[in-house]
């Protein structure tokens with residue numbers, strides 16, 4: 001826990017908002033959650049309760065308790081005493097802009113307003129703020145937020161870098177790996193890389209080359225195993241022999257000119273959508289989704305322990 | 001070990017060939033290695049010796065020994081008694097075609113000839129075979145071959161599916177996960193997905209949005225952790241809440257029309273090449289590459305144990 005930040009307000013309680021709430025509570029913070037929907041409170045408490053055993057297994061901070069959680073339906077009341085604000089309303093530009101502008105009106109002037117947006121630029125999000133747009137930024141997490149360490153920090157034109165530094169320190173104190181992105185682009189960095197795979201995977205299914213299950217298997221038993229340890233660059237550097245990337249670019253550089261990857265996204269026809277949906281449903285047929293989540297969570301905890309053991313954070317894959 | 005296959009010939013002893021040799025030896029087979037270069041024998045024995053402790057740790061098959069390895073410089077002699085042949089000469093179409101045609105002349109008529117090619121189509125590779133093109137196929141592995149379970153099997157126009165079935169059984173007996181690809185395309189499946197990420201990652205570095213180290217960190221601390229467990233489809237299915245992929249496609253389908261991913265590969269200018277090479281060299285500065293390989297190998301062994309524990313192979317991510 002950082003000394004200055006004690007009370008966090010989470011705006012919007014979908015899957016991502018609830019993930020943040022769980023992480024903040026586990027790190028010993030007091031959390032106020034805002035949602036327009038009164039039914040959201042029950043769903044939120046249920047989600048936090050379900051994830052809590054994983055947090056206990058991963059290790060709670062001193063003073064951490066599921067009881068430090070408050071629900072509030074008035075946005076102004078929810079944010080006015082907050083030391084840090086995490087926004088997670090649905091991914092619609094107009095909605096996010098207006099909610100953030102409203103938060104900016106009511107929050108303490110130095111309180112950071114961080115948006116979980118996947119794709120909207122921070123310069124856009126802060127455009128309607130009249131009080132202090134300098135403290136508005138993107139802080140984009142990954143699902144499940146309570147266990148995934150990466151958070152991408154991106155400032156907009158009006159963001160003051162000093163607030164980025166403060167946010168970085170705060171997320172580190174929440175046991176996360178904050179990555180500051182040097183330039184705002186749609187999708188930031190990780191989502192763009194994921195989208196590149198996603199487009200190509202849709203083509204492969206659309207063309208009947210492989211099913212969704214086979215595409216998943218081709219990642220899980222192959223590149224996915226390595227990507228948990230090394231990113232795409234280090235993987236190729238190690239594949240290049242003694243000369244590393246220098247040799248690899250000489251050998252495979254020319255292949256970039258080959259028409260391998262499809263250059264556009266496929267049309268999401270009803271037929272393709274059905275193929276993808278039924279493929280995923282078949283993969284999980286007879287499996288309880290809650291049980292699946294529990295297994296995924298346990299796996300992620302032990303995987304991170306494994307990474308610490310063989311690949312200390314201070315080296316190699318990014319000094320976050 | 002399968003009963004019919006006892007003696008394997010590996011043609012070409014680069015990084016991939018030596019990886020196969022190590023895997024086959026560890027699974028109790030007798031291996032003959034062919035290479036035109038007499039100096040290749042020393043490098044090959046060194047590579048197998050270095051990887052052997054990892055194989056001992058992962059578990060050797062009965063009778064497995066590093067002493068069951070023979071080096072041969074005459075291709076005809078090397079292949080004529082083989083029960084299975086794995087080809088790994090450099091990735092040049094004309095070279096591969098002629099080597100495979102020569103193997104086809106000398107090998108026993110029912111012996112499978114499997115090529116490790118990353119990108120060349122099996123129909124092309126078998127085109128010059130006059131004896132029995134039906135037993136020629138692609139069997140594409142991943143580095144390090146002695147530990148990575150995935151092998152992609154692809155038949156060409158002339159391939160008899162019965163040989164694909166036999167090869168599948170053989171690779172399973174080598175503790176691998178054979179994925180039969182339904183249609184031949186350049187790059188098969190996993191390499192296409194990797195190439196999609198690779199192109200986008202090069203753009204991100206080229207545009208100054210992130211360094212190679214930051215791109216790697218964005219995978220390792222984010223999507224990479226999940227991809228070790230689930231492929232892209234199951235990841236999104238679980239991100240879609242109770243409605244799974246159905247909900248997700250409704251929400252994010254329209255985003256496929258957004259100009260996120262760059263639609264072409266970047267020009268590999270000298271400047272970009274230098275940026276990528278020096279980035280990778282900085283990431284590994286002061287680190288011994290052999291030590292890095294040892295750590296990666298130990299990690300991959302324990303990661304696969306973890307996957308077995310939480311995600312038994314018989315479910316979810318592809319029933320290979």
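The values are calculated or read from the model by the stated rules, or taken from the named source; none is laboratory data. Because the structure is predicted, anything quoted here is derived from the model rather than measured. Here the Cβ positions follow ideal geometry from the backbone for every residue, glycine too, while neighbour counts run over all protein chains shown.
Just checking: which of the helices (runs of 4 or more DSSP H) contained wholly in segment A:69-187 hold 2 or more residues that are within 13 Å of another protein chain (Cβ to nearest Cβ)? Spell out how you get there, then give the answer.
On the way: elements: A:75-79, A:93-106, A:122-125, A:161-173.
Filter on segment A:69-187 gives A:161-173.
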Flag if residue A:254 is in a helix (DSSP H, G or I) and at pLDDT below 80 = yes
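For segment B:54-68: of the residues being assigned to a helix (DSSP H, G or I) and touching a helix residue (DSSP H, G or I) at 6+ places or on another chain (Cβ under 8 Å), which is nearest to residue B:132 (Cα to Cα)? If you could, list the steps in order and put the result at the bottom.
Start the filter on segment B:54-68 by keeping residues that are assigned to a helix (DSSP H, G or I), which leaves B:54-58, B:66-68.
If we keep only those that are touching a helix residue (DSSP H, G or I) at 6+ places or on another chain (Cβ under 8 Å) as well, we get B:54-55, B:57-58, B:66, B:68.
Numbers: B:54: 37, B:55: 35, B:57: 39, B:58: 37, B:66: 32, B:68: 28 Å.
Among those residues, the one meeting the criterion is B:68.
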task = Residues being surrounded by 19 or more Cβ atoms within 10 Å (Cβ to Cβ) and closer than 11 Å to residue A:9 by Cα: count how many of those fall in segment A:47-74.
result = 1
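Can you find a residue in segment B:166-173 that is assigned by TED's automatic domain parsing to the domain that holds residue B:109 and either within 23 Å of residue A:204 (Cα to Cα) or touching a helix residue (DSSP H, G or I) at 6+ places or on another chain (Cβ under 6 Å) (or both)? Give the derivation first.
We begin by selecting, within segment B:166-173, every residue assigned by TED's automatic domain parsing to the domain that holds residue B:109; these are B:166-173.
From what is left, the residues that are either within 23 Å of residue A:204 (Cα to Cα) or touching a helix residue (DSSP H, G or I) at 6+ places or on another chain (Cβ under 6 Å) (or both) are B:168.
For segment B:166-173, residues assigned by TED's automatic domain parsing to the domain that holds residue B:109 and either within 23 Å of residue A:204 (Cα to Cα) or touching a helix residue (DSSP H, G or I) at 6+ places or on another chain (Cβ under 6 Å) (or both): present.
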query = Which ones in segment B:206-224 are touching a residue at least 60 places away in the same chain (Cβ under 8 Å), assigned to a helix (DSSP H, G or I) and either facing chain A (nearest Cβ under 7 Å) or under 12 Å from residue B:280 (Cα atoms) (or both)?
reply = B:212, B:213, B:216
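So which residues in segment B:177-200 are farther than 16 Å from residue A:199 by Cβ and touching a residue at least 60 places away in the same chain (Cβ under 8 Å)?
Narrowing segment B:177-200 to residues farther than 16 Å from residue A:199 by Cβ: B:177-184, B:186, B:188.
Residues satisfying the conditions are B:177, B:178, B:179, B:184, B:186, B:188.
Out of all the residues in segment B:188-205, which are under 18 Å from residue B:114 (Cβ atoms) and within 7 Å of another protein chain (Cβ to nearest Cβ)?
First pass over segment B:188-205, keeping only residues under 18 Å from residue B:114 (Cβ atoms): B:188-191.
Once the filter is applied, which keeps residues that are under 18 Å from residue B:114 (Cβ atoms) and within 7 Å of another protein chain (Cβ to nearest Cβ), segment B:188-205 yields B:189, B:190.
For residues that are under 20 Å from residue A:91 (Cβ atoms) and in a loop (DSSP other than H, G, I, E, B), scanning just segment A:1-16, find the one that is modelled with the lowest pLDDT.
Our first condition is that a residue be under 20 Å from residue A:91 (Cβ atoms); within segment A:1-16, this holds for A:9-16.
Filter once more, so that each one left must be in a loop (DSSP other than H, G, I, E, B): A:12-14.
On the way: A:12: 97, A:13: 96, A:14: 91.
My answer is A:14.
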key: Residues of segment A:66-92 that turn out to be closer than 12 Å to residue A:30 by Cβ and over 23 Å from the mean Cα position of the chain (by Cα), as a count   = 4
query = Which ones in segment B:88-106 are buried (at least 21 other Cβ atoms within 10 Å of the Cβ) and free of Cβ contacts under 8 Å to residues at least 60 places away in the same chain?
reply = B:96, B:100, B:104
message = within 11 Å of another protein chain (Cβ to nearest Cβ), buried (at least 21 other Cβ atoms within 10 Å of the Cβ) and at pLDDT 90 or above: is that true of residue A:230 in this structure?
response = no
key: Every residue from segment A:111-137 that is closer than 18 Å to residue A:83 by Cβ and out of contact with any strand residue (DSSP E or B) (no Cβ under 7 Å at 6 or more places or on another chain)   = A:131, A:132, A:134
ask   = Restricting to segment A:14-40, what's the tally of residues that are over 21 Å from the mean Cα position of the chain (by Cα) and within 12 Å of residue A:68 (Cα to Cα)?
value = 1
request  = Could you please find all residues in segment B:203-218 being buried (at least 24 other Cβ atoms within 10 Å of the Cβ) and out of contact with any strand residue (DSSP E or B) (no Cβ under 9 Å at 6 or more places or on another chain)?
outcome  = B:204, B:212, B:215, B:216
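Take segment B:14-46 and flag every residue that is over 21 Å from residue B:167 (Cβ atoms) and either surrounded by 21 or more Cβ atoms within 10 Å (Cβ to Cβ) or not assigned by TED's automatic domain parsing to the domain that holds residue B:147 (or both). I'd like the intermediate steps shown before the answer.
Here is the first cut: in segment B:14-46, the residues over 21 Å from residue B:167 (Cβ atoms) are B:14-15, B:35-46.
Selection gives B:35, B:44.
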inquiry  = Based on this model, can you work out whether residue B:106 counts as in contact with a strand residue (DSSP E or B) (Cβ under 7 Å, 6 or more places away or on another chain) and over 19 Å from residue B:37 (Cα atoms)?
reply    = no
Candidate set from segment B:258-292 (those that are farther than 21 Å from residue A:193 by Cβ and loosely packed, with under 11 Cβ neighbours inside 10 Å); member that is modelled with the lowest pLDDT = B:269
task = Taking the residues in segment A:1-13 that are buried (at least 18 other Cβ atoms within 10 Å of the Cβ) and within 21 Å of the chain's Cα centre (by Cα) as candidates, determine which candidate is nearest to the other protein chains (Cβ to nearest Cβ).
result = A:13
